[in-house]
1. Just need a number here: residues in region 74-108 that are under 20 Å from R141 (Cβ atoms), in contact (Cβ under 8 Å) with a residue 60 or more places away in the chain and among the polar types (S, T, N, Q).
2. Working carefully through the options T49, T39, find the one that is of a type outside the set (K, R), modelled with pLDDT under 95 and assigned to a strand (DSSP E or B).
Amino acid sequence: MPRPPRHRPRGPGPVRLAVAVSAVFLAALTGCSGGNGGTAPSRSHTPTTAGPGAASPAGARITIKDFTFKPAALTVRPGARVTVVNQDSVTHDVTATGPKAFRSGSIGPGRTVTFTAPAQPGRYRYICTIHPYMKGSLTVR
């Protein structure tokens with residue numbers, strides 16, 4: 001007696017589908033932060049990153065905690081190194097809103113990024129582009 005033909009189900013199997021859905025959910029949950037939005041910072045403002053517990057270089061510091069920048073207003077000298085520490089459980093960034101003077105790139109939970117403050121004195125407002133209600137200002141003098 002001949003065997004009936006084997007039929008393969010079309011489309012992804014239930015395990016592959018579950019993995020794909022989980023990956024999409026995880027990306028949405030973490031702010032879809034796989035990079036810096038396709039825009040690389042200028043050479044003089046290239047951020048450096050360090051893992052949790054890394055020593056902070058001498059200079060100014062911004063801490064991100066509870067979806068706020070602390071301090072919300074910081075004053076530094078031209079060209080100062082500014083260290084940003086993310087103490088939240090989600091990814092954030094620090095991006096100037098006016099003249100695009102600085103951009104930290106994505107800062108994962110527990111990570112630290114350091115960028116160079118603009119050389120030109122002035123007040124630079126910034127936000128977290130992932131959570132635009134997070135606002136702060138950097139005054140260079």
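The values are calculated or read from the model by the stated rules, or taken from the named source; none is laboratory data. What you see is a predicted model, and the numbers here were worked out from it, not measured in a lab. Every residue, glycine among them, receives a Cβ derived from its backbone with ideal geometry; neighbour counts consider all protein chains shown.
1. 1
2. Details: T39 fails: assigned to a strand (DSSP E or B).
T49 is the lone residue from the list that is of a type outside the set (K, R), modelled with pLDDT under 95 and assigned to a strand (DSSP E or B).
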